[in-house]
Amino acid sequence: MNSAYNQWIKNKSQLDGNFGFEPNFMPSFLKDFQAFITEWAIKKGRAAIFADCGLGKSPMGLVWAWNIYKHTGKPTLILTPLAVANQFEQEGEKFQIEAARSKAGEIEAPIVITNYERLHFYNPNDFGGVYCDESSILKSFDGVRKAQITEFMRTKKYRLLGTATAAPNDFTEVGTSSEALGYLGYMDMLGRFFTNRQKTTHHYRGKYQLTNNQGWRFKGHAEEKFWRWMSSWAIALRKPSDLGFDDNGFNLPPLEVNHHVIQPNTNTPGMLFNLPAIGWREQRAERKRTINERCEMIAELVNNTGKSATVWCDYNPEGDLLTKLIPDAQQVSGRDSDDSKEEKFNAFSNGELRVLVTKPKIGAWGLNWQHCSHAACFPSNSYERYYQLVRRHYRFGQKNKVVVDMITTPGGEVVLKNQERKEKQADQMFTNLVKHMTDSIEIDRKHTYDKKAVIPSWL
């Protein structure tokens, strides 16, 4: 009876145990903190690594994948955003881990690397485990593709997620990660730890969907339990010292962010002069009628520098005009085939293309562009998109100062302030997340069994 009660208490706590095994391969090329995280993930079996850009998620993921292969006797599948598969294959060659790129279901190595968009070519029964790189992109997929990925992972005992999450207060992302790993679904997670005062869900095709995070607040005394639950299956860090390791070799260069506010050449429609754009409809209208001015400003900043640069837009007319104004630029757009997108991304990565024009939702995840230290963009209300596009360059391993030019209009200044607010909020939330996870990890690392229990005198 007592055993059953203890098991019931354990289940209610949602502090899940380990599903993995002792590592059978831990190479010397891993840094001490990378080896610690990788060993933890292998023992956990189903885990998430929320590590900032440049901290080595690729080698950690490859070592994890090789351990799964050796333990199960089956290949491990690594899923990546578009064009990142090529980088993973190069990392495998660099570290002498047998991994091969696959596009249409071929299994030619112990570690198979492919893009999320090609998952339908693969049978989950052929693999011993699956690693989702840049897993924060999952919430950007439509419901069908996200369900496909989640269902594929659900069949595997060994699963790993890796991302440099910019929004630890995005409970949708936390819930999506938990669900993909086989822990609480995101609606179950919200129901257990949160209360919704603004009713920010709607019923869609038999399921409740989360519309935003603003109405969700921690239940009384639930915040500590939430972070401890999350730290039972995830590790978060922005630098090695977050886990008590030395930061030597992991120091970021200076970051310079410039705000360029330009005046529209045309007045507000129907008015004798330009009126300030207040609501999002007015801001969007102002953005559409200032395409020429904004694109010309970016071209002025990027042309004739002789240095690599990325230019980020949100609409096709912006990208088309930018490509015309910047002679040595090429655009990666949604109209391109996957092969064409990948070819252009690789050309930029290899230094064959000086300026790349694309949208954050296409190219802001996973790509390593330390060879480039200049980005130009238009601000948006999505802080994560901004964070990800900056982190293509501003990451560990970058040797030069990174310059980010943000071009907007008077109506867009509200967006800039909103972005700054979200940046501070995300930084504070990530600090709290790291603290709670570090405390949990320290409990595990320091736990010993040679201490005598103190018995009350009345016993």
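The values are calculated or read from the model by the stated rules, or taken from the named source; none is laboratory data. Computed from a predicted structure; not experimentally measured. Positions of Cβ are backbone-derived with ideal geometry, glycine not excepted, and every protein chain shown enters the neighbour counts.
The strands (runs of 3 or more DSSP E) found wholly in the stretch 59-139 and carrying at least 2 residues that are among the small types (Gly, Ala, Ser) and on the phi < 0 side of the Ramachandran plot occupy 99-101. Residue pairs whose Cβ atoms lie under 7 Å apart, separated by 6 or more positions or on different chains, with the first residue in the stretch 211-223 and at negative phi and the second outside any loop (DSSP other than H, G, I, E, B) and modelled with pLDDT under 80, are THR211/THR201; THR211/HIS202; ASN213/PHE171; ASN213/THR172; GLY215/ASN196; TRP216/PHE171; TRP216/ASN196. PHE152 passes every criterion in (1) of a type in the set (A, V, I, L, M, F, W, C); (2) more than 23 Å from TYR387 (Cβ to Cβ); (3) outside any helix (DSSP H, G or I) apart from (3). Each residue in the stretch 324-353 was checked for being within 23 Å of GLU293 (Cα to Cα) and in a loop (DSSP other than H, G, I, E, B), and 4 of them qualify. Of the residues making up the stretch 301-311, at least one is closer than 19 Å to LEU82 by Cα and in contact with a Cys (Cβ under 8 Å, 6 or more places away or on another chain). In the stretch 373-389, the qualifying residues are those that are closer than 15 Å to CYS53 by Cα and not basic (Lys, Arg), and the one that is farthest from the chain's Cα centre (by Cα) is SER373. Within the stretch 67-90, the residues that satisfy the criterion of being over 23 Å from GLY397 (Cβ atoms) and of a type outside the set (Lys, Arg) are ASN67, ILE68, TYR69, HIS71, THR72, GLY73, PRO75, THR76, LEU77, LEU79.
Of all residues in the stretch 218-263, those that are closer than 20 Å to GLU173 by Cβ, aromatic (Phe, Trp, Tyr) and over 21 Å from the mean Cα position of the chain (by Cα) total 1. Taken together, LYS399, LYS424 contain a single residue that is assigned to a loop (DSSP other than H, G, I, E, B) and surrounded by fewer than 18 Cβ atoms within 10 Å (Cβ to Cβ), which is LYS399. Here VAL414 meets the list (1) out of contact with any helix residue (DSSP H, G or I) (no Cβ under 6 Å at 6 or more places or on another chain); (2) closer than 21 Å to ILE362 by Cα; (3) not in a strand (DSSP E or B) almost entirely, failing just condition (2). Among the residues in the stretch 313-332, are any in contact with a Gly (Cβ under 9 Å, 6 or more places away or on another chain), within 27 Å of VAL261 (Cβ to Cβ), in contact (Cβ under 8 Å) with a residue 24 or more places away in the chain and of a type outside the set (Asp, Glu)? Yes, that holds for at least one residue.
Between GLU151, GLU117, the distinction of being touching a helix residue (DSSP H, G or I) at 6+ places or on another chain (Cβ under 9 Å), more than 25 Å from LYS43 (Cα to Cα) and modelled with pLDDT of 85 or more belongs to GLU117 only. Taking the numbered list (1) surrounded by 19 or more Cβ atoms within 10 Å (Cβ to Cβ); (2) in contact with a strand residue (DSSP E or B) (Cβ under 7 Å, 6 or more places away or on another chain) in turn, ALA109 passes all entries but (1). The residue list LEU389, LEU356 contains one member that is hydrophobic (A, V, I, L, M, F, W, C) and in a helix (DSSP H, G or I), which is LEU389. Number of residues in the stretch 105-134 that are hydroxyl-bearing (Ser, Thr, Tyr), closer than 21 Å to ALA164 by Cα and over 17 Å from the mean Cα position of the chain (by Cα) equals 1.
Within the stretch 172-187, restricting attention to residues that are more than 14 Å from LYS157 (Cα to Cα) and aliphatic (A, V, I, L, M), the residue that is surrounded by the fewest Cβ atoms within 10 Å (Cβ to Cβ) is MET187.
Only a single criterion out of (1) outside any helix (DSSP H, G or I); (2) modelled with pLDDT of 80 or more; (3) among the hydrophobic types (A, V, I, L, M, F, W, C) is not satisfied by ALA277, namely (2).
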